[in-house]
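Notes to accompany the following structure.
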Amino acid sequence: MPDDPTTMELEQMRRDWDERARENARFYVASGREEWSDEEYFRSGEINVEREILTDLGNVCQGLDPKQMRVLEIGCGTGRITRALAKFFGEVYAVDISGEMVERARLALRDYPHAHVFQNNGRDLDVIREAAGGRPFDFAFSYIVFQHIPSRAVIESYVREVHSLLRPGALFKFQVQGYDMTAEPLDSWQGVSYTEQQARELSERCGFEMRYNHGAGDQYYWLWFFKNE
């Protein structure tokens, strides 16, 4: 198991993402363009959810009514994906390490009272645990987030924390960096990479079963981690 995340690593991540938010938050969340209209930006989040969740409802919902589900998002940024999740699911909780990003996300979600956004410390999800009153989550999701984390210890900490919040059998669907970045200096933009074997070992250490994976060796390496019953 990797060492625990260091305060220095987490503080650097927070500073980096606060600075990016102040510079051009939407570009750093969705870097396909530098300038976004509100309509285009939030529609892009809806498209991502349509592609990655609505086409995968068997694994995501497992027969549950989406409007009765409580879902968790890791790394919500400005709330682009969070807002799309809130249009489909009954209750959404989301975290980000950047207070600047969270401020923008709360503004984006002001008309969605069932979507709750919090700044977390990057080390744990205690803020979510407290806000949800200990109630379990039915699904967890993260989109283009872990690719930017330069520490396996931080990633593993998040995966363990998500495991502790999910109901048995629930899915955590997320991405890691699959492209080998070991020759490059790691930072909070490039992140650390995983092979399929490393991803599988991560799932086992954290109490998950990795049933599917897609995109090994690619920047967008999708993982389906199901919490063991």
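Quick check on segment 46-60. Is at least one of its residues surrounded by 19 or more Cβ atoms within 10 Å (Cβ to Cβ) and not β-branched (V, I, T)?
From segment 46-60, those surrounded by 19 or more Cβ atoms within 10 Å (Cβ to Cβ) are 49, 53, 60; that's our starting set.
From what's left, not β-branched (V, I, T): none.
No, segment 46-60 contains no residue that is surrounded by 19 or more Cβ atoms within 10 Å (Cβ to Cβ) and not β-branched (V, I, T).
Tell me the helices (runs of 4 or more DSSP H) entirely within segment 11-126 that contain at least 2 residues that are β-branched (V, I, T) and out of contact with any Ser or Thr (no Cβ under 7 Å at 6 or more places or on another chain).
On the way: elements: 38-49, 57-61, 80-86, 99-108.
It comes to 38-49, 80-86.
Here is a yes/no grid of residues against (1) part of a strand (DSSP E or B); (2) surrounded by 22 or more Cβ atoms within 10 Å (Cβ to Cβ); (3) without any contact (Cβ under 8 Å) to a residue 60 or more places away in the chain:
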| residue | (1), (2), (3) |
| --- | --- |
| R167 | yes, no, no |
| G191 | no, yes, yes |
| A199 | no, no, yes |
| W224 | yes, no, no |
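I need the full set of residues from segment 140-194 which are polar (S, T, N, Q), modelled with pLDDT under 95 and within 15 Å of W222 (Cα to Cα), in order please.
Listed by number, the residues that qualify are Q147, Q177, S193.
Output the number of the condition that L64 fails; it satisfies all remaining conditions of (1) under 21 Å from K173 (Cβ atoms); (2) crowded, with 18+ Cβ neighbours inside 10 Å; (3) in contact (Cβ under 8 Å) with a residue 60 or more places away in the chain.
Single failed check for L64: (2).
Return a yes/no flag: does segment 152-160 have any residue that is among the small types (G, A, S) and either in contact with a strand residue (DSSP E or B) (Cβ under 6 Å, 6 or more places away or on another chain) or outside any helix (DSSP H, G or I) (or both). Full working, then the answer.
The first filter runs over segment 152-160 and keeps only residues among the small types (G, A, S), leaving 153, 157.
Cutting the leftovers down to either in contact with a strand residue (DSSP E or B) (Cβ under 6 Å, 6 or more places away or on another chain) or outside any helix (DSSP H, G or I) (or both) gives us none.
Checked against the condition, which is being among the small types (G, A, S) and either in contact with a strand residue (DSSP E or B) (Cβ under 6 Å, 6 or more places away or on another chain) or outside any helix (DSSP H, G or I) (or both), segment 152-160 yields no hits at all.
For E130, all conditions in the list (1) surrounded by fewer than 16 Cβ atoms within 10 Å (Cβ to Cβ); (2) closer than 20 Å to T82 by Cα; (3) within 17 Å of the chain's Cα centre (by Cα); (4) not hydroxyl-bearing (S, T, Y) hold save one; what is the number of the exception?
The failed condition is (3).
Can you list residue pairs whose Cβ atoms sit under 9 Å apart, with the first residue in segment 7-31 being surrounded by 19 or more Cβ atoms within 10 Å (Cβ to Cβ) and the second being among the acidic types (D, E) and part of a helix (DSSP H, G or I)? Count only pairs 6 or more apart in sequence or on different chains.
If the second residue must be among the acidic types (D, E) and part of a helix (DSSP H, G or I), the pairs left are W17/E100; R20/E100; A21/E100; A21/E103; A25/E100.
Please enumerate the residues belonging to segment 1-52 that are at pLDDT 90 or above and hydroxyl-bearing (S, T, Y).
S37, Y41, S44
The values are calculated or read from the model by the stated rules, or taken from the named source; none is laboratory data. Just so you know, these numbers come straight off a predicted model, no measurement behind them. Every residue, glycine among them, receives a Cβ derived from its backbone with ideal geometry; neighbour counts consider all protein chains shown.
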